[in-house]
2 protein chains.
Amino acid sequence: MSRGRRAQMETQPASQQAASQQAASQIDFEKNGGVVPAIAQDYKSGRLLMVAYMNREAFEETVKTGHACYFSRSRNRLWRKGEESGNYQTVHEIRIDCDADTILLSVEQHGDRAACHEGYESCFFRVLSDGAWHTVDTRRVDPAKYGPGYGHQSKTAKLAH
Amino acid sequence: MSRGRRAQMETQPASQQAASQQAASQIDFEKNGGVVPAIAQDYKSGRLLMVAYMNREAFEETVKTGHACYFSRSRNRLWRKGEESGNYQTVHEIRIDCDADTILLSVEQHGDRAACHEGYESCFFRVLSDGAWHTVDTRRVDPAKYGPGYGHQSKTAKLAH
């Protein structure tokens, strides 16, 4: 990640802080226990990259820094996307849905251009065909390179690669 | 909706039934109280149209019929998209994410080509700018045409059009 850029963004003026708080106040976090789904879509291709969750703090940080920050429900803490792998995302646009309970980010995927913790461009690399889920994409990177503690425990042992 | 087509799909052979059950058995519905987020993306443009939820029954019906069927959490029943408005969706492809807890549908939007109950092509018609959410799309249809009982109560009184 460009540390220079992040540092620069973190020192934005108070007005920017107020703006992110104002926008956050209109999101319905309560409906789903304090978090909303946040969808990341590639800003150029439109490919859907991943779905994660944001609490209010993650949303405000994303707006302030311009880097996608989610809330990890399994770890119960902010998840600055790319903090371990370098696969961070810069945000080009933020949309909200009609019910104000889902966020859509248009992002540029950096690092190894793998949004998925399994090393694929997109988390949606399996397609349904004849009653089974088939991997149809090619890995961009072996996530083992990020170290043994990287990512989260997969619960998809049933799904073959 | 083409009733002829739906009727034809509902009489598919038992093998199709078994296939949808097999695929459903690999989805992690338990993680989120029996439902998973289901994202509908336009099959041609890639535009993200809406995010709803599916329980196991909704997923299996979607696979069997080829028409998007969701589970309405507010009404606590199956929601055959377009049943009131005619704005149904035919499904071109179904993907699942790495954690098997989110579904991605590639769909063709029919009827008035408005996936959103507010009459927009997409539910994501508001963009964040300077701390406020701004409507940047044009309505495709006035949903009043579908009758007074159409849609669900909006909880977004704070968000202006």
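The values are calculated or read from the model by the stated rules, or taken from the named source; none is laboratory data. Note that the structure is predicted; figures quoted are calculated from it, not measured. Methodologically, a virtual Cβ is constructed for each residue, glycine included, from the backbone with ideal geometry; neighbour enumeration extends over all protein chains shown. For the accessible areas, the whole protein counts, side chains as well, though only heavy atoms, and no ligand, DNA or RNA atoms are used. Shrake-Rupley method; radii C 1.70, N 1.55, O 1.52, S 1.80 Å.
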Residue hits (the range B:61-83; in a loop (DSSP other than H, G, I, E, B) and polar (S, T, N, Q)) are B:SER74, B:ASN76
Quick one: is B:TYR43 under 30 Å from A:LYS44 (Cα atoms), buried (at least 22 other Cβ atoms within 10 Å of the Cβ) and not hydrophobic (A, V, I, L, M, F, W, C)?
no
Name the residue, out of A:ASP101, A:ASP97, that is more than 22 Å from A:GLY151 (Cα to Cα), among the charged types (D, E, K, R) and in contact with a helix residue (DSSP H, G or I) (Cβ under 6 Å, 6 or more places away or on another chain).
A:ASP101
Among (1) more than 10 Å from the chain's Cα centre (by Cα); (2) closer than 26 Å to A:ALA23 by Cα; (3) open to solvent by less than 20 Å² (accessible area, probe 1.4 Å), where does A:ALA114 come up short?
(2)
Kindly establish whether A:SER106 is among the polar types (S, T, N, Q), in contact (Cβ under 8 Å) with a residue 40 or more places away in the chain and either open to solvent by 60 Å² or more (accessible area, probe 1.4 Å) or over 30 Å from B:GLU121 (Cβ atoms) (or both).
no
Does B:ALA132 satisfy being under 25 Å from B:SER20 (Cα atoms) and over 13 Å from the mean Cα position of the chain (by Cα)?
no
I need a count of the residues in the range A:112-125 that are in contact (Cβ under 8 Å) with a residue 40 or more places away in the chain, out of contact with any Cys (no Cβ under 7 Å at 6 or more places or on another chain) and more than 8 Å from chain B (Cβ to nearest Cβ).
1
Members of the range A:48-58 that are more than 7 Å from chain B (Cβ to nearest Cβ) and either farther than 17 Å from A:GLY82 by Cα or open to solvent by 10 Å² or more (accessible area, probe 1.4 Å) (or both):
A:TYR53, A:ASN55, A:ARG56, A:GLU57
Any idea which residue in the range A:15-35 is surrounded by the fewest Cβ atoms within 10 Å (Cβ to Cβ), counting only those that are touching a strand residue (DSSP E or B) at 6+ places or on another chain (Cβ under 7 Å) and more than 10 Å from chain B (Cβ to nearest Cβ)?
A:PHE29
How many residues does the range A:36-47 contain that are at the interface with chain B (Cβ under 8 Å from one of its Cβ atoms) and not hydroxyl-bearing (Ser, Thr, Tyr)?
5
Restricting attention to the range A:126-138, and to residues there that are assigned to a loop (DSSP other than H, G, I, E, B) and within 7 Å of chain B (Cβ to nearest Cβ), which single residue is surrounded by the most Cβ atoms within 10 Å (Cβ to Cβ)?
A:GLY131
Restricting attention to the range B:84-111, the residues that are assigned to a strand (DSSP E or B) and out of contact with any strand residue (DSSP E or B) (no Cβ under 8 Å at 6 or more places or on another chain) number exactly 0
Just for the range B:74-103: of the residues that are among the charged types (D, E, K, R) and within 9 Å of another protein chain (Cβ to nearest Cβ), which one is surrounded by the fewest Cβ atoms within 10 Å (Cβ to Cβ)?
B:GLU93
Residues in the range B:142-151 that are within 18 Å of the chain's Cα centre (by Cα) and away from chain A (no Cβ under 13 Å) total 2
Within the range B:140-153, does at least one residue satisfy the condition of being assigned to a helix (DSSP H, G or I), of a type in the set (A, V, I, L, M, F, W, C) and over 23 Å from A:SER129 (Cβ atoms)?
yes
